[in-house]
Amino acid sequence: MSEACAAPPESLEAWLTERYCYYTAATGDRLYRCDIDHAPWMLARADAEIGTNTLALPFRLDLPRTSPLLHYVERTDARICRLIAAERRPPLCGSLANSFFDTAELT
């Protein structure tokens, strides 16, 4: 492994890892968005020997026969905002009082 550091801006690693929201679906075709607040991931390059990779099989995708891009992260703390309907643009997580996940928002 390499020394851990933040991914350079505009790099593939930054594009792959620096995501600050996610979407999830609920019953009845409802879509929700959740904002996430955290410091940049401190990535360390990693190596692995993969004997069999079946991740893409259910999707009928052929993975390239190249070495995978792997990183390791020790830990990062995050604040997870409550889920809100994706149709509305949520305020930034830091500006909300009591913004953490609330299961009542799912009903």
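The values are calculated or read from the model by the stated rules, or taken from the named source; none is laboratory data. Just so we're clear, the structure is a prediction, and the values are computed from it rather than from any experiment. Because the Cβ atoms are built from the backbone with ideal geometry, glycine has one as well, and the counts that use them run over all protein chains shown.
Only residues in segment 30-56 that are without any contact (Cβ under 8 Å) to a residue 40 or more places away in the chain and in a strand (DSSP E or B) count as the first member; pair them with residues that are among the acidic types (Asp, Glu) and surrounded by 10 or more Cβ atoms within 10 Å (Cβ to Cβ), Cβ under 9 angstrom, at least 6 apart or cross-chain, and list the lot.
Short answer, once both residue conditions are applied: 43/13.
Just checking, does segment 6-21 include any residue being surrounded by 10 or more Cβ atoms within 10 Å (Cβ to Cβ), modelled with pLDDT under 90 and assigned to a strand (DSSP E or B)?
Yes; the residues of segment 6-21 include at least one that is surrounded by 10 or more Cβ atoms within 10 Å (Cβ to Cβ), modelled with pLDDT under 90 and assigned to a strand (DSSP E or B).
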